[in-house]
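Data first, discussion second: the structure below is written as structure tokens.
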Amino acid sequence: MRAFLASFALLAHLSHAVPLPEELVRPAFVAGELERVTCRALEAEAQKGGSTLVTVEVSNRGNTACEPVLFRCEWKDAKGIAQTAEVARVPYPRVARIGRLAPPTGKQEYVLQLPAKEVKGLRVAVVEALFSDAKERAAPPVRVGRIEHGQGTLNEQPVARSSITLENELDHVVDVVLRAHCTAPKDADVLLTATIGPRGKGAFDVLAMPFQIEWRDPLQYWPGADVARVELVDWSARLAPDREAARALLEPAWTRWLRLADAGGAFGGRYEYGLESAYLPEPKRLRGRFTVSSSGRVSGEGTKAKDGDMGLGGIEKLVLFAHRPSFEELLAKNELELLAPGLVALRGPGFGEVRAAPGAAHAWVPGAGDSAARHLESDDAVVRVNAQGVIDAFGTVSEPAWNRLETKPLLGGYVVTAKHNPTGTERTEFGYALLGDRVYPCSFREERIDAWGKRIGLETCRLDAIAPEADAGGVAPAAPMGPGVEGLRAAWSALYRHGARAVELSARFRATNPATDGTWLGVRKVEGKLVLRGFRGFSVATPMWESPEVIVDGKFDASTASALGFAVIDRIVMWAGRDPAAFPAFDEQFRGATITRDAEREFYRSDAGSVRGVLVEGGKITRLVLRGGAERVCTWSATPQGLVATKLETSGEVLEARWSEVAKGLWLPVEFQFRGVFGRDWGPETLKLESVQAK
């Protein structure tokens, strides 16, 4: 049951006797300057209920009207401890509305409520405001009527109840703030909030005295309420939402967030799943093969039949963000509404982990029979877009940023590398493998912490031998054609490729990193032994080896040692996935494509596949243009068996390698350096292989 009903939606009672509603003229909203808006506290009134009512004066030095919607208050409590609170003058949406204004070069007073009885050194600032050419209304559009007293029920307990009658003259939803004087349970003044439907008239029940102005349930309250008198001290009317503004904010952020479906195709490989919990007698370790379909469905096998689903469930969590819908698919099922700067509500089922709870339409909302037109509910899904145009949080209307996202740039877009909640009790880190132009999620590590900082759970899932799955129902495309085929074939065939025979590689390794990637768990130097069984050469289209084994030197627990071993393999894949020689041979890579050549230079264009452009200079490929537009600059070194890449630069990242002939005719990179892979501040990392043997 809700803690208190001071924030309550009144049902509209429609009647032919009611005067015709008044329609507000939508003002022209403009980008204002918060720097020209100042705020100061005029009066702070401590109340016996434990709160303080603060009257603030907002001064607008700008040339357009200003309606503040969100304040930040900073003060010291009775013990001298600094406190901060954001106080919303209106509920969501905090855009597209008209209420009490601070006129151009003028002032306006507002009343706020803080959850503290003693407020020292109070400072107040406006952090969100609407600027427009709106004119101040002469009188509030909501009339306050009689107060009635009786008994109600709160948390299944009888309490005193007061009912306040309100009437809305507008054909718009109006949010109001009332200052009520209560004689019980405390002799004090409080601020109550109400939301009234268009032409709404009725009474709402006050069952508790809140500590703070809240447009949702507060954490603390005094049960019961005997209201002696009440006055309306603030109001703001909602206008029709600006759907295009919501779309303009979300679409580019959503589109830049890399999706596996953008590159197309299913993929598969092997997985290793681990689960440790304070409630399990021993850790679980599961291994098996898996397949992820193009629609995101996970299937495969486990170590044990009863445990297999647990491991596959880990893969489902891993691919959650990569297999979200396209923006067009999102729009087909959700209506977007801008709630505040950077916040967009998904009025519908949401997506993946971001799902809205079903809610009934409010009868007073115009078009209430349409679920997309219902009033915002506290469980409606919300996503947040930051100033860099990146989605950095999601949650619900009641907790918009409950899930905080950390992101890194990749291939001109970005990926989510971590998700955590604001309490710090749960954190999930994600890893990715880039193979050609496809970004595959390849690892996650979810840690759960109790209130005392003790780890109570650790869940991990890591994928290996990742490769795209063939489309069983597809028709094999034709061989490449066009005037550029032979020229590009010659340059493409000049690259060194391992060949068909499988070998077993073993080596000592030494890896260093500056702790800019969580994959290493903060361990800056890792040494040990590496074995790659069934190594078939670098490839973005087929598994590169049968099974890897990494033995890490030092005293690490099993989970940490496994994670560090995975990090070593991941760095080898990091190079291989970008190496042009890891792309398929010419006829397979450009199957179904028409290849042309520019007249003025040796630049080849392909209309299909993952490589859409190739620049050849002096017989060497110096630049690749990938599907999606990312460009890769290549530097080469010659060997008797073909060209090997020594430097690869893509979208700000720089990878370098030194190759060695580890067996007759078998070349392998034995020293790597990685810089800027996930942003300018990432790396540099190094990996060195020594005493390499092939058999």
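The values are calculated or read from the model by the stated rules, or taken from the named source; none is laboratory data. This is a predicted model, so every value here is computed, not measured. Please note: Cβ atoms are built from the backbone with ideal geometry, for glycine as well, and neighbour counts cover all protein chains shown. Please note that ligands, DNA and RNA were not included when accessible areas were found on the heavy atoms of the full protein model with its side chains. Shrake-Rupley method; radii C 1.70, N 1.55, O 1.52, S 1.80 Å.
Diffusion coefficient (Stokes-Einstein, Kirkwood radius over C-alpha pairs, 25 °C, 0.890 mPa s) for segment 527-575: 212 µm²/s, rounded to a whole number. Please give me the summed charge of the neighbours of Phe509: other residues whose Cβ is under 9 Å from its Cβ, Lys and Arg +1, Asp and Glu -1. In short, +2.
Between the Cα long axis of helix 243-256 and the first principal axis of the chain there is an angle of about 20°, rounded to the nearest 10. In straight-distance terms, cross-link reach from Lys120 covers every one of the aspartates and glutamates whose alpha-carbon lies under 17 Å from its own, apart from those fewer than eight places away in the same chain; here that gives Glu43, Glu45, Glu74, Asp77, Glu86.
A protection proxy built from the mean count of other Cβ atoms within 10 Å ranks the segments 187-194, 53-60, 26-33, most packed first, as 187-194, 53-60, 26-33. Annotation: amide H of Gly592 within the under-5 Å range of Ala478, Ala479, sequence separation 5 or more or interchain, hydrogens built in the peptide plane. Backbone amide hydrogens, once placed in the peptide plane, bring Glu118 within less than 5 Å of Ala78, excluding anything fewer than 5 places away on its chain. A Förster radius of 51 Å combined with the Cβ-Cβ distance from Asp587 to Thr255 puts the calculated FRET efficiency at roughly 0.95.
Give Lys317/Lys408; Lys525/Lys688; Lys525/Lys555; Lys284/Lys688 a once-over and call out the pairs whose C-alpha atoms are over 22 Å from each other. Beyond 22 Å: Lys284/Lys688. Partner aspartates and glutamates whose Cα lies under 15 Å from the Cα of Lys620, excluding those fewer than 8 positions away in the same chain, are identified as Glu486, Asp579, Glu602.
Restricting to DSSP loop positions (anything but H, G, I, E, B) with no more than 10 other Cβ atoms inside 10 Å of their own Cβ, which GluC sites (Glu not before Pro) remain in segment 593-695? Taking segment 593-695 and a limit of 10 other Cβ atoms within 10 Å, the loop GluC sites (Glu not before Pro) found are Glu600. Across segment 510-551, the residues whose backbone nitrogen lies under 20 Å from the label position 7 Å along the beta-carbon direction of Arg501 are 532-539, 544-547.
Between the helical axis of 558-576 and the longest alpha-carbon principal axis of the chain there is an angle of about 70 degrees. For Glu301 and Ala479, FRET efficiency with R0 = 30 Å and r from the beta-carbon atoms, rounded to 0.05? For R0 = 30 Å, the calculated efficiency reads 0.25. Taking a sphere under 12 Å around the Cβ of Asn63 and counting the other residues whose Cβ falls inside, with K and R at +1 and D and E at -1, yields a net charge of 0. In sequence order, segment 280-289 has phi-based couplings of 10, x, 7, x, 9, 10, 10, 9, x, 9 Hz under the Karplus curve 6.51 cos²θ - 1.76 cosθ + 1.60, θ = phi - 60°, and Gly or Pro positions carry x. The HN-Hα couplings worked out from phi for segment 69-75 by the Karplus form 6.51 cos²θ - 1.76 cosθ + 1.60 (θ = phi - 60°) are 10, 9, 10, 10, 10, 10, 7 Hz, whole numbers, x standing for Gly and Pro. Taking amide H positions as modeled 1.01 Å from N, with prolines and chain starts lacking one, the residues under 5 Å from Arg97 and 5 or more places away or on another chain are Leu239.
Carbon-plus-sulfur accessible fraction, segment 392-524 (probe radius 1.4 Å, protein heavy atoms only): 53%. What percentage of the solvent-accessible surface of segment 118-157, computed with a 1.4 Å probe over protein heavy atoms, is contributed by carbon and sulfur atoms? Using a 1.4 Å probe with all protein chains present, segment 118-157 comes out at 46 percent carbon and sulfur.
Once Rg and the Kirkwood radius are both taken over the C-alpha atoms of segment 632-695, their ratio Rg/Rh works out to 1.04.
With all protein chains kept in place, the per residue accessible area of the chain amounts to 44 square angstrom at a probe of 1.4 angstrom. Highest mean packing first, where packing is the average number of other Cβ atoms within 10 Å per residue, the peptides 68-81, 431-444 line up as 431-444, 68-81.
The modelled label-to-label distance between Thr635 and Arg146, using points 7 Å beyond Cα along the C-beta direction, is 8.7 nm.
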